[in-house]
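Let me begin by presenting the structure, written as structure tokens, before commenting on it.
The values are calculated or read from the model by the stated rules, or taken from the named source; none is laboratory data. What you see is a predicted model; the values in this text were computed from it and never measured. Glycine also receives a Cβ, built like all others from the backbone with ideal geometry; neighbour counts cover every protein chain displayed. The area values use the complete protein model at the heavy-atom level, side chains included, leaving out ligands, DNA and RNA. Shrake-Rupley method; radii C 1.70, N 1.55, O 1.52, S 1.80 Å.
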Amino acid sequence: MELNKKNEFYIERWYKAAIFGSLWAAIEIILGSFLHNLKIPFTGSILACIGIFILTVAIKNWSEPGLALRIGMICALMKSISPSAVIFGPMIGIFLEAFIFEISTLIFGRNLIGFLIGGGLAVTSNLLQKIINLFIVYGNDLVKIYYSIYDFAAKMLGNPILDPNEIIILLFVIEFALGVIFVSLAYSIKKYDTIYNLPISDIEGENKLKNSGNYKEQPLYFLFMNISAVILILYSFSFRNLILSVS
């Protein structure tokens, strides 16, 4: 009996992670593909901020250890089906963001301070991943790495008239600030159980929802409607008409 309860608790943790991980993945695949095709600046940072927003809401609602890692793992795996030429790098980036957020909350606690630090560092991990990729390409040639980072930062910031060191530092500060802002927005949301749509304080026991009569299983055709909608949306990105593609 005790073993069954442990298994149910373990499965429920993955169930919670699946909800937020699939939501994050849907945004990464749909919105990410759209923004990348439009070559919008800071696309990676924007997607990272949305991911951190989702992680903050999830971790704020539930205290299970390792939940951020599970969410990141599910999102990264679902990202593998994205219709994009570049997949492996974003998958690593997603998991890295979740890993940094998880470690930060372990060190600083599951509170506003831990969330802010974790969110800021997770968003700046885009720059960290860029540096690691440059080390892989150029090896120990620090001069090429430095100027590659400078070129990347200058393009992101619109080629401002600044010293190379100032541009790199400014990009780091902007990305960290974006992470802090999105974490603050997520932290301000009232605590609700996202699975059952009931206040956290009202949920006591596993079967309370089903006993309350508010539980409804969704028809299977909803699944096929969602899959069809995703396919149509991704196909719409090929339209040359921007207004039609946006709609």
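Sub-8 Å Cβ pairs linking a first residue in segment 222-246 that is closer than 15 Å to S82 by Cβ to a second residue that is open to solvent by 80 Å² or more (accessible area, probe 1.4 Å) and at pLDDT 70 or above, at least 6 apart or interchain, are F237/N37, ordered by first then second residue.
Filtered by the rule that a residue be under 16 Å from G44 (Cβ atoms) and open to solvent by 60 Å² or more (accessible area, probe 1.4 Å), segment 95-113 gives a lone residue, F95. Within segment 21-36, the only residue that satisfies the criterion of being open to solvent by less than 10 Å² (accessible area, probe 1.4 Å) and in contact (Cβ under 8 Å) with a residue 60 or more places away in the chain is W24. Among residues of segment 94-110 that are closer than 12 Å to L69 by Cα, those with a beta-carbon under 7 Å from a residue that is open to solvent by less than 10 Å² (accessible area, probe 1.4 Å) and of a type in the set (V, I, T) at least six positions away or on a different chain give the pairs E97/I52; A98/I71; F101/I52; T105/I59. With G109, G119 as the choices, which residue is at pLDDT 85 or above and under 22 Å from M73 (Cβ atoms)? None of the others qualify; the one that does is G119.
Within segment 37-49, which residues are surrounded by 17 or more Cβ atoms within 10 Å (Cβ to Cβ) and out of contact with any Phe, Trp or Tyr (no Cβ under 7 Å at 6 or more places or on another chain)?
Step one: list which residues in segment 37-49 are surrounded by 17 or more Cβ atoms within 10 Å (Cβ to Cβ), which gives 42-49.
F42, T43, G44, S45, I46, L47, A48 - these are the residues of segment 37-49 that are surrounded by 17 or more Cβ atoms within 10 Å (Cβ to Cβ) and out of contact with any Phe, Trp or Tyr (no Cβ under 7 Å at 6 or more places or on another chain).
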